[in-house]
Ligand SMILES: [Zn+2]
């Protein structure tokens, strides 16, 4: 397999990029999965090492993309490369996603999709040569249970043992970024007009419904980790075809590999489309992903990384909290468009004026299963 790095790069056009992402997803989302210790895990590990080389990475450490570690007698491997920036004395950026699967099944959305996006973002950075800083592509092992939040978790081992002393300038972590956001019919049933209509269609009551204008939602947590990120996210509007909703990490907790960066006070962003009905199921298959949406996320991630690249982000302490309410509220307005006031009214919220209003809105979304 060869990758093209000419002006006809497939990474530039959304439709071509979507096909390109799909090719990586199909290679990673093996039928029997890639649980730690399985043959599929070893096959995908090898594939990802080869892809880092193809997209123009250098090894991050020790002349190898493979960073093995042993924990409690089990063997794991993080896969880490670097796209060189123009000024290699600056602290690097990092884009990361886990590659292990929770069950012996494709687990396409969890997390082949994010790995494919990280590779494409890296390749775009290599092709454009625009970044001042190095960009670390960190493909973590062992994010899934029983390793989640344990000492064996790949991102924990990377941060504690493998990361160079200079650290990272900022990190962008992704998990569950391949699917359309859906709402359970049960929840939509409470919306006037829609509820009575749904009730008339047999068998629909327990299904997830795709709401076209919200299916392209992407949630971002972590803007609260640094005021510089509030500016970066506020200044970079998402591409057409993607709706971005910044929200607090504390609403959902450390769902993925960004946790270790957050706890250590590293400015970070976490991208996710939330949970869906195929989460951790054998039905999380490549045919169910939205590759166009993934292409938009790829472009958007590249834009935000470029924004972080040139922004000084002096470190405060890990407990600092930056008020992100104005950003969250204005993005919510953009996302909901003409439906904004109707939706808020339906939830019994007059307007988003205080934190408690946003907390109420976030809790409503979470109770819808997101
Ligand atoms: Zn998972």
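The values are calculated or read from the model by the stated rules, or taken from the named source; none is laboratory data. Being a predicted model, the structure only gives us computed values, none of them experimental. No Cβ is skipped: glycine too gets one built from the backbone with ideal geometry, and neighbour counts run over all protein chains shown.
Among the residues of the range 243-271, which ones are more than 20 Å from residue 147 (Cα to Cα) and either in a helix (DSSP H, G or I) or within 14 Å of the ligand (Cβ to nearest atom) (or both)?
Within the range 243-271, 249, 250, 251 qualify.
Failed condition for residue 99, given (1) touching a residue at least 24 places away in the same chain (Cβ under 8 Å); (2) away from the ligand (no atom under 16 Å from the Cβ); (3) surrounded by 15 or more Cβ atoms within 10 Å (Cβ to Cβ), with all others met?
(2)
Inspect the range 79-87 for any residue being within 16 Å of the ligand (Cβ to nearest atom), surrounded by 14 or more Cβ atoms within 10 Å (Cβ to Cβ) and touching a residue at least 40 places away in the same chain (Cβ under 8 Å) and give the result as yes or no.
Checking the range 79-87: not a single residue is within 16 Å of the ligand (Cβ to nearest atom), surrounded by 14 or more Cβ atoms within 10 Å (Cβ to Cβ) and touching a residue at least 40 places away in the same chain (Cβ under 8 Å).
If you check every pair at least six apart or on different chains, which have Cβ atoms under 6 Å apart with a residue in the range 160-183 that is in contact (Cβ under 8 Å) with a residue 24 or more places away in the chain and more than 18 Å from residue 313 (Cα to Cα) first and a residue that is away from the ligand (no atom under 16 Å from the Cβ) and assigned to a loop (DSSP other than H, G, I, E, B) second?
180/210; 180/215; 180/290; 181/215; 182/210; 183/211; 183/368
In the list 127, 104, 132, 123, which residue meets the criterion of being within 16 Å of the ligand (Cβ to nearest atom) and either touching a residue at least 24 places away in the same chain (Cβ under 8 Å) or touching a strand residue (DSSP E or B) at 6+ places or on another chain (Cβ under 6 Å) (or both)?
104 is the lone residue from the list that is within 16 Å of the ligand (Cβ to nearest atom) and either touching a residue at least 24 places away in the same chain (Cβ under 8 Å) or touching a strand residue (DSSP E or B) at 6+ places or on another chain (Cβ under 6 Å) (or both).
Among (1) within 16 Å of the ligand (Cβ to nearest atom); (2) at positive phi, where does residue 348 come up short?
(1)
Under the condition of being in contact with a helix residue (DSSP H, G or I) (Cβ under 9 Å, 6 or more places away or on another chain) and assigned to a loop (DSSP other than H, G, I, E, B), which residue from the range 88-104 is nearest to residue 280 (Cα to Cα)? Lay out the reasoning, then the answer.
Just the residues of the range 88-104 that are in contact with a helix residue (DSSP H, G or I) (Cβ under 9 Å, 6 or more places away or on another chain), to begin with: 90, 93-102, 104.
Among the residues that remain, those that are also assigned to a loop (DSSP other than H, G, I, E, B) are: 90, 99-102, 104.
Details: 90: 39, 99: 14, 100: 12, 101: 9, 102: 7, 104: 10 Å.
The selected residue is 102.
Please pick out the residue among 32, 24 that is closer than 28 Å to residue 147 by Cα, touching a helix residue (DSSP H, G or I) at 6+ places or on another chain (Cβ under 6 Å), at pLDDT 95 or above and not in a helix (DSSP H, G or I).
Result of the check over 32, 24: 32.
Of 127, 132, 143, 123, which residue is farther than 29 Å from residue 277 by Cα and crowded, with 24+ Cβ neighbours inside 10 Å?
123
Which condition number does residue 337 fail, the rest of (1) in a helix (DSSP H, G or I); (2) free of Cβ contacts under 8 Å to residues at least 60 places away in the same chain; (3) surrounded by fewer than 13 Cβ atoms within 10 Å (Cβ to Cβ) being met?
Result: residue 337 passes all but (2).
Would the range 341-348 turn up any residue that is touching a helix residue (DSSP H, G or I) at 6+ places or on another chain (Cβ under 8 Å) and under 30 Å from residue 134 (Cβ atoms)?
No, the range 341-348 has no match at all.
Could you list, ordered by first residue, the pairs with Cβ atoms under 8 Å in which the first is in the range 268-285 and over 23 Å from residue 363 (Cβ atoms) and the second is in a strand (DSSP E or B) and away from the ligand (no atom under 11 Å from the Cβ), at least 6 apart or interchain?
Close Cβ pairs (under 8 Å, with a partner that is in a strand (DSSP E or B) and away from the ligand (no atom under 11 Å from the Cβ)) amount to 268/170; 268/171; 268/172; 268/173.
It is to be established whether one or more residues within the range 135-155 are away from the ligand (no atom under 13 Å from the Cβ) and out of contact with any strand residue (DSSP E or B) (no Cβ under 9 Å at 6 or more places or on another chain).
No: zero hits.
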